[in-house]
Amino acid sequence: MCRALACTLGEPDASWTAAWRTAEAAAHAAIDEALATEDLPSEPGLARIVLGALPAGSSLVVSSSMPVRDLEWFGRPGADVRVLANRGANGIDGVVSTAIGVAVASRATRAATAVVVGDVALLHDSTALVGLAARDLDLTIVVVDNDGGGIFSFLPQAEALEAGRFEQLFGTPHGVDLSVLATAHGLLTVEPAGADDVATAIAACAGAGGARLVRVATDRGANVDLHGRIGALVAERVGAALGAG
Ligand SMILES: Cc1ncc(C[n+]2csc(CCOP(=O)(O)OP(=O)(O)O)c2C)c(N)n1
Ligand SMILES: [Mg+2]
């Protein structure tokens with residue numbers, strides 16, 4: 001169909017393509033600029049660096065909810081990493097199991113596997129951790145721990161409900177110490193303290209062999225604000241770049 005369309009439509013309009021490239025470059029520069037002042041680990045910041053932190057030839061599984069959205073919005077393109085996702089039966093089920101399956105399938109080539117998963121999705125599939133440490137796998141579990149379902153803070157009910165009721169029904173904080181959970185299953189764990197430490201931690205784990213957990217602690221409210229700031233700066237810079245072009 002694409003070939004047929006190309007024949008019918010003829011040569012693409014070079015200025016149209018160039019405008020998209022200009023917008024893309026302006027958006028990437030704006031994302032970098034907005035993240036440059038973030039000292040603490042952030043969800044967009046993690047999405048921005050994760051592909052580049054993995055060894056070439058790795059696989060990355062991204063969980064439903066915010067991880068897959070953040071990777072699409074903020075991930076820096078160009079890395080030699082295979083990206084996979086599994087919606088499961090309902091969205092956040094079976095994410096760790098999926099990553100273990102990918103790691104098993106990658107064993108023959110010794111390629112590393114990583115998964116970026118939310119805290120609720122990890123807890124939903126925590127029985128996948130049973131016996132994991134004893135398996136000959138290269139798997140890095142990067143858990144974005146915002147103590148609940150961060151995606152719901154972007155939805156209208158975050159404003160419409162009284163805060164306590166929203167937390168009870170949507171935020172669902174659980175207070176589980178995920179590093180202790182991983183340690184209980186014999187996994188090595190690391191908790192990067194600063195924004196710049198996240199890439200270092202992932203790079204140190206991926207390809208090192210074994211199953212490891214990197215816990216990236218974030219805040220649901222601050223995450224909504226940061227998404228808003230990045231979006232506003234991207235809109236401003238893309239508008240300016242296209243207006244100027
Ligand atoms: C099996 C299943 N149960 C519940 C849901 C509804 N749901 C969608 S996103 C979400 C919260 C996920 O939280 P987390 O994994 O921590 O990711 P975050 O939203 O914080 O990025 C829930 C409960 C679902 N999609 N699938
Ligand atoms: Mg969460």
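Averaged over residues, the count of other Cβ atoms within 10 Å places the peptides 8-20, 111-123, 83-95, 39-51 in the sequence 111-123, 39-51, 83-95, 8-20, highest first. Fully extending the segment from Val176 to Ala163, taken as 0.36 nm per residue of separation minus the present Cα-Cα distance, adds 2.6 nm. The charge dipole of the chain, taken about its Cα centre with unit charges on the Cβ of Lys, Arg, Asp and Glu (plus for the first two, minus for the last two), comes to roughly 860 debye. Sequence-ordered 3J(HN,Hα) estimates for the stretch 81-90 from the Karplus curve with 6.51, -1.76 and 1.60 and θ = phi - 60° stand at 9, 8, 9, 10, 9, 9, 6, x, 7, 9 Hz, glycine and proline given as x.
Residue by residue, the stretch 161-177 carries 3J(HN,Hα) couplings of 9, 4, 3, x, 5, 4, 4, 5, 8, 10, x, 6, x, 10, x, 6, 7 Hz when phi is fed to the Karplus relation 6.51 cos²θ - 1.76 cosθ + 1.60 (θ = phi - 60°); x denotes Gly or Pro. Note on the chain: Kirkwood hydrodynamic radius from all Cα pairs is 19.3 Å, rounded to one decimal. Positive end of the dipole of the stretch 104-169 (Cβ unit charges, origin at the Cα centre): among Gly148, Val120, Leu169, the Cα lying farthest that way belongs to Val120. A cut-off of 5 Å between modelled amide H atoms, ignoring neighbours fewer than 5 places along the same chain, links Ala217 with Asp145. Projecting the Cα atoms of Gln157, Leu46, Thr98 onto the charge dipole of the chain, computed from C-beta unit charges around the Cα centre, puts Thr98 farthest toward the positive end. Put simply, the stretch 41-151 fits an ellipsoid with semi-axes of 20, 18, 11 Å; these come from the alpha carbon gyration tensor as the roots of five times its eigenvalues, largest first.
Bear in mind that the values in this text are calculations on the coordinates, not laboratory data. Computed from a predicted structure; not experimentally measured. Don't worry about glycine lacking a Cβ; one is built from the backbone with ideal geometry, like all the others, and counts go over all protein chains shown.
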